[in-house]
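Here's the structure, in structure tokens; my notes come after.
The values are calculated or read from the model by the stated rules, or taken from the named source; none is laboratory data. Given the structure is predicted, the values throughout are model-derived calculations rather than measurements. Reconstructed Cβ throughout: ideal geometry from the backbone, glycine too, with neighbour counts over all protein chains shown. Side chains are part of the model used for accessible areas, which takes the heavy atoms of the whole protein and leaves out ligands, DNA and RNA. Shrake-Rupley method; radii C 1.70, N 1.55, O 1.52, S 1.80 Å.
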Amino acid sequence: DALPIWIRLNGESFDAAREEAARMDHEMEHVTSSNATNRALIADAVCIYLDQKKGRAPKTIAQYRLTLDEFVESLGSKIHFLDEITVEVLRSHQQFMVARGHAGKTIDTRLNITSFLLKKNGIALRVPRDERPVVEEEPAVPYSDAEIKKLFAVMDEEDLLRYKFFLGSGCRRREVTFATWNDIDFDKRTYHVCGKRDVGFSPKSHESRIVPMPDSLIALLR
């Protein structure tokens, strides 16, 4: 029996991009150009890349599509092939986004996604980290006890369970949405986040993990 939980969570695609960016920084340190040429059309590469991501969450795919469409738009009519892309081209793309008034966090995320596309095609190019916008994370402000009581007061029993599961586990929206009773170990007080191919769900980075659950949530689920 699945727990039909749906909670809106902002920043999911940004978190995924930041995780991948950290790996790329480690793998491509000091790399500034590609060693091979690639005469593939950029538009074709974008279509193939998006098709490879079709198993991701719809919101993530939409973010990738919006980002890469904007990248192609920024190239104009002079650049059509992957091997024509240089660091200067990526710098120009960054300035294109600045001119559009995008926030630093948005620009950083979209530069990361563009780099993922290039990396998939064997092109190790990125705007150097020290030239990219500084992303200042705003500290999360927790709800007060009074606010939480007001929030829970207007919920029915099912909604209350959904929110308390989400808050108690600290899991992402889709991880909560696809939770099942079989994933919960009441004795060990844990939730096993694992992929479910039949419904098209896989955890971030395709890794399952064990999440500890507070006693209060376990008691509620019993």
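For the reader, a short list of remarks on this structure follows.
- Under the combined filter of DSSP loop state and at most 10 neighbouring Cβ atoms within 10 Å, the range 49-132 retains these trypsin sites (Lys or Arg not before Pro): K54, K78.
- R0 of 35 Å, Cβ-Cβ distance D159-V98: FRET efficiency to nearest 0.05: 0.25
- Over 18 Å [Cα-Cα, the range 94-222], rounded percent: 69
- Relative contact order of the range 71-143, pairs being alpha-carbon contacts under 8 Å that are 6 or more residues apart, as %: 32
- S77 accessible area, assembled protein chains, probe 1.4 Å, Å²: 100
- The residues of the range 157-197 present an accessible area of 56 Å² per residue when probed at 1.4 Å with all protein chains retained.
- Within straight-line reach of K54, meaning a Cα separation under 23 Å, sit the following lysines at least 8 residues removed in sequence or on another chain: K119, K120, K196, K204.
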